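Chemist: Dropping a structure here in structure tokens format, bear with me for questions.
The values are calculated or read from the model by the stated rules, or taken from the named source; none is laboratory data. In this text, all values refer to a predicted model and were calculated from it rather than measured experimentally. Counting neighbours? That spans all protein chains shown, and the Cβs are built from the backbone with ideal geometry, glycine included. Note: areas computed on protein heavy atoms with side chains; ligands, DNA, RNA excluded. Shrake-Rupley method; radii C 1.70, N 1.55, O 1.52, S 1.80 Å.
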Amino acid sequence: MKKFTFLDYYQNEVQLAFEDNPFSNNPGHVWIVCRFRQKWLLTHHPRRGFEFPGGKVERAETPKEAAIREIWEETGGEVNHIVQIGQYMVQGKAETVVKNIYFADINQLVEKDNYMETKGPVLFNRLPEHLNDSYSFIMRDEVLPRTLQHLRTKKMLH
Ligand code: GTP
């Protein structure tokens, strides 16, 4: 298995692989790289900044269900197609987080009154090479560029 190991924004060790479930069959978290009409669909977190939607898997839901729910809650996006592309594990100071990475095509953005704990959807034509602190820390380590590279290599971006 090809595995990438690096430090995140807070110097925690991260392991990343573009396989189905390289680290855990029961990941606690999900993170979804979203495309809507040839744009990137992110959410605006009030403290962390811009990030692709994601969050925790709740009891009685599958990770994929959690991914679809989080996209809806944080952006109002309705999923046309969603596929798991990888998984990463963060060795935190207190806990270890395992997160599934999905790639989703969104076919509709519904305007809502409430985007849960976020300020709702934000669309970008392109993501800059270097992400400043208007972006969330989860976007500012090797997970994002390696994921985008993987999508390009697999010709999944149109
Ligand atoms: P809430 O209950 O939502 O407040 O979450 P929490 O503060 O318990 O944090 P969570 O369980 O989401 O994550 C625990 C720790 O794992 C965080 O403090 C981060 O250090 C780390 N972490 C979570 N998600 C990511 C991620 O996508 N990337 C990186 N690098 N670290 C993450």
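Chemist: Heavy atoms only, probe 1.4 Å: what % of the accessible area of the chain goes to carbon and sulfur, would you let me know?
Modeler: Roughly 46 percent of what the probe reaches on the chain is carbon or sulfur.
Chemist: Which residue fluctuates most in the GNM of the chain (Cα springs below 10 Å): G92, G55, G28?
Modeler: G92
Chemist: Helix-only estimate, please: 222 nm mean residue ellipticity of the chain, summing -39500 (n - 2.57) across DSSP H runs of length 4 or more and dividing by its residues, to the nearest 500.
Modeler: -4500 deg cm²/dmol
Chemist: Let me ask something else about it. Hey, which lysines would be in cross-link range of K39, C-alpha to C-alpha under 26 Å, not counting anything within fewer than 8 residues on its own chain?
Modeler: Within the straight-line limit of under 26 Å, K39 reaches these lysines: K56, K64, K99, K112, K119, K154, K155.
Chemist: Amide H to amide H, which residues 5 or more places from G120 or on other chains are under 5 Å from it, using H placed in the peptide plane?
Modeler: H44
Chemist: Follow-up question, since we're still on this one. Please report the antiparallel percentage of the DSSP beta bridges confined to the chain, to the nearest 5.
Modeler: 80
Chemist: Kirkwood-based Rg over Rh for the chain (C-alpha set), two decimals?
Modeler: For the chain, the value is 0.93.
Chemist: Return the Rg/Rh value of segment 1-93, two decimal places, where both radii are evaluated on C-alpha atoms and Rh is the Kirkwood radius.
Modeler: Ratio of gyration radius to Kirkwood radius for segment 1-93: 0.96.
Chemist: Pick out, from A67, M116, Q91, the residue whose Cα sits farthest towards the positive end of the charge dipole of segment 52-158, with +1 on the Cβ of Lys and Arg and -1 on the Cβ of Asp and Glu.
Modeler: Ranked along the dipole, the leading option is Q91.
Chemist: I'd like the Kirkwood hydrodynamic radius of segment 40-128, using the inverse of the mean 1/r over distinct C-alpha pairs, in Å.
Modeler: Result for segment 40-128 stands at 13.8 Å.
Chemist: Now for a separate question. Of all alpha-carbon pairs in segment 33-83, indicate the percentage at a distance above 18 angstrom. List each step's numbers first, then the result.
Modeler: Numbers: 365 of 1275 pairs.
The calculated P(r) of segment 33-83 puts 29 percent of pairs beyond 18 Å.
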